[in-house]
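The values are calculated or read from the model by the stated rules, or taken from the named source; none is laboratory data. Given the structure is predicted, the values throughout are model-derived calculations rather than measurements. Neighbour counts are summed over all protein chains in view; Cβ atoms, including those assigned to glycine, are modelled from backbone coordinates with ideal geometry. Accessible surface areas use protein heavy atoms only, side chains included; no ligands, DNA or RNA. Shrake-Rupley method; radii C 1.70, N 1.55, O 1.52, S 1.80 Å.
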Amino acid sequence: RDDEMLGAAANSLLIALLSSSIATVLGTMAGIAMHRYRFRWLPFLVLTPVAMPEILLGVSLLLFFRQVLDLTLGFFSILIAHITFSIGFVAVIVRARLAGMDESIFEAARDLGATPWATFRRITLPLILPALVAGFLMSFTLSIDDFVITFFVAGVGVSTLPLQIYSMIKIAVTPEVNAVSTLLMALTLTLIFIATR
């Protein structure tokens, strides 16, 4: 019945769903491009947010949003930040899945007259689907749990669950924090169970 906590939980879930969905699409495209075309600069661009310390990424995004884009910090800035750091994780998972596949399958599809889109839809997508699910779940978990980057790009008036819990435990650990922690643990374990099935 805590309205602030429920609002923060709703924000966290919405941001996690949107950011992980968009990051899965963009990360899949980046993973396929890194596997097929071997651009020298693409792995650097995609994997830098993964390797960069969170505090440095948070400060960089804050400066970029405020000084370059002159963007008001809030829901949209959090969403862009979460997409930015999630794309690399999805791309790595998709690229690893593609690296373990036999290239002759794609050559056979081309020999049989399949267009690039038909090859992707009928062959590539079904084969990389487990990687897409894993990438989505990884980025969802990272997004719903992120505190450091969100702290820098949240602005005033928008709170996520980690930010709300942090503001509450500075005073004392209340029963609401324990209840939400239990629910988050249950959600995480449920997602892991679904992923293993």
Kindly indicate whether residue 6 is in a helix (DSSP H, G or I), of a type outside the set (Asp, Glu) and without any contact (Cβ under 8 Å) to a residue 24 or more places away in the chain.
-> yes
Among the residues of segment 38-71, how many are under 17 Å from the mean Cα position of the chain (by Cα) and loosely packed, with under 10 Cβ neighbours inside 10 Å?
-> 2
Looking only at segment 9-35, which residues are free of Cβ contacts under 8 Å to residues at least 12 places away in the same chain and either farther than 16 Å from residue 157 by Cβ or crowded, with 16+ Cβ neighbours inside 10 Å (or both)?
-> 25, 29, 33
Pick from segment 146-167 the residues that are outside any helix (DSSP H, G or I) and open to solvent by 50 Å² or more (accessible area, probe 1.4 Å): which of them is nearest to residue 193 (Cα to Cα)?
-> 147
Number of the exception - residue 88 against (1) touching a Ser or Thr at 6+ places or on another chain (Cβ under 6 Å); (2) within 19 Å of residue 144 (Cα to Cα) | (1)
Does residue 1 meet the test of being surrounded by fewer than 18 Cβ atoms within 10 Å (Cβ to Cβ), assigned to a helix (DSSP H, G or I), without any contact (Cβ under 8 Å) to a residue 24 or more places away in the chain and of a type in the set (Lys, Arg)?
-> no
